Amino acid sequence: MFVLRNGLIHTEEGLLQQHAVLIDEGRIVAIRPQSAFSPDIPSLDLHGQHLSAGFIDLQLNGCGGVMFNDAPTVETLAVMQAANLRSGTTSFLPTLITSPDLDMRSAIEATRDYMQAHPHEVLGLHLEGPYTNVLRKGIHPADQIRHPTTEMIDYLCEHAPWIAKVTLAPEQNNPQHIRQLCDAGILVAIGHSAATYTEAMAGFDAGIRFATHLYNAMTPTLNGREPGVVGAIYDRDDIYAGIIVDGHHVHAANVRLAQRVLGERLCLVTDATAPAGAPAGFDHFDFCGTTVFFRHGQCVDMNGTLGGSALTMIEGVQNLVHQVGIPLAEALRMASLYPARAIGRADELGSVAEGKIANLVIFNDAFQVTATLVDGTYQEHQ
């Protein structure tokens, strides 16, 4: 048992000052005025720094110099988690992009094994493809994009406890398969899709409730007659969306527009790859057979196609505040509470509240992460 004192506590309801947080057995057990806690209880002085719920990244291909697609193993997930903590991310969805069935099965098994040992770190696998549209493939390997078999859909549903999200193109999939995945408890997302407005709405009616990297690799609003995937997302009140705020994937004005329309359904994601949190000098990596170069803050192939990002969640929060003009409190909710709600984990994660898991981040006014807590275990970062 210990107390976190002298911090700026960002809760779901607002900012608390002159308060302290009591941690015991991995959970937040009390939030009270500092004077309410006995000086005999061990305490950590935050020296006026910010205390927030730990960030939850719903789309993470890799970081710390590794890629999950290269090696979908428990060891890779451990490297990713260690790199995540340095930038305030305490929980994440490892993302496997378009791959053969065998790699998908390996990723599911690795995710299962890691989750069983660390249930509040990896929150489930994100399968981004292969059931997408080659017309909006981005960096994904075209030769692996395909329609699902009934057998593979059945397999995914049987392993639903380890799969948090599946991104697909509704125009390329049987609505019954979408409903089957949803009924199994998997969050189905629209992404890498060339759908019309009508096709996207049909996918939403079948159960799709998330949009993967809003604006990127999806049909835009082309004109007044065709709203496209983006317009369909904006025309619903039950769709969450992830958005990459690295200054390269989406213009700041479009981030502001999305935030005004979607409000509490807009989640910050990184779509990060190996360079995020990697050692200095890291300048290229392999992404499913394509060499991606890290140049001027961007991850691009030889043709200039974006191949993920090098963004971290704390950088994304900073960009939301400084580049987009979103208040810090809302930026933090976009990085923690709203992602937790999107995947149905807000009962335990996503906010600083009594009874919740003590996955927390401590950072200063310069947006430097100085410490994290995972299941109440405190770790300092340089």
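The values are calculated or read from the model by the stated rules, or taken from the named source; none is laboratory data. Since we're looking at a predicted model, the values are computed, not measured. Neighbour counts are summed over all protein chains in view; Cβ atoms, including those assigned to glycine, are modelled from backbone coordinates with ideal geometry.
From 270, 221, which residue is touching a strand residue (DSSP E or B) at 6+ places or on another chain (Cβ under 8 Å) and either outside the structural domain of residue 191 (by TED's automatic domain parsing) or polar (S, T, N, Q) (or both)?
Testing whether each residue is touching a strand residue (DSSP E or B) at 6+ places or on another chain (Cβ under 8 Å) and either outside the structural domain of residue 191 (by TED's automatic domain parsing) or polar (S, T, N, Q) (or both) leaves just 270.
Checking residue 258 against (1) modelled with pLDDT under 85; (2) buried (at least 17 other Cβ atoms within 10 Å of the Cβ); (3) among the small types (Gly, Ala, Ser), which test does it fail?
(1)
For segment 284-294, give me each residue that is over 14 Å from residue 137 (Cα atoms) and either touching a helix residue (DSSP H, G or I) at 6+ places or on another chain (Cβ under 6 Å) or surrounded by 11 or more Cβ atoms within 10 Å (Cβ to Cβ) (or both).
284, 285, 286, 291, 292, 293, 294, listed by residue number.
Looking at 225, 256, 236, which one is over 18 Å from the mean Cα position of the chain (by Cα) and free of Cβ contacts under 8 Å to residues at least 24 places away in the same chain?
Just one listed residue meets the conditions, 225.
Which residues, taken from segment 127-161, are small (Gly, Ala, Ser), touching a Ser or Thr at 6+ places or on another chain (Cβ under 9 Å) and in a helix (DSSP H, G or I)?
The answer is 142, and nothing else.
As an exercise: evaluate residue 372 against (1) in a strand (DSSP E or B); (2) surrounded by fewer than 22 Cβ atoms within 10 Å (Cβ to Cβ); (3) polar (S, T, N, Q) and give the number of the one condition it does not meet.
Failed condition: (2).
When residue 251 is evaluated against the numbered criteria (1) within 15 Å of residue 213 (Cβ to Cβ); (2) in contact (Cβ under 8 Å) with a residue 24 or more places away in the chain, which criterion, by number, is the only one it fails?
All conditions are met except number (2).
Let me confirm something: among 87, 99, which residue is crowded, with 20+ Cβ neighbours inside 10 Å, in a loop (DSSP other than H, G, I, E, B) and more than 16 Å from the chain's Cα centre (by Cα)?
Only one candidate qualifies: 99.
Tell me, please, whether a residue that is modelled with pLDDT of 95 or more and over 24 Å from residue 342 (Cβ atoms) can be found in segment 87-95.
No, segment 87-95 has no match at all.
For the structure I just gave you, tell me whether residue 276 is buried (at least 22 other Cβ atoms within 10 Å of the Cβ) and not in a loop (DSSP other than H, G, I, E, B).
no
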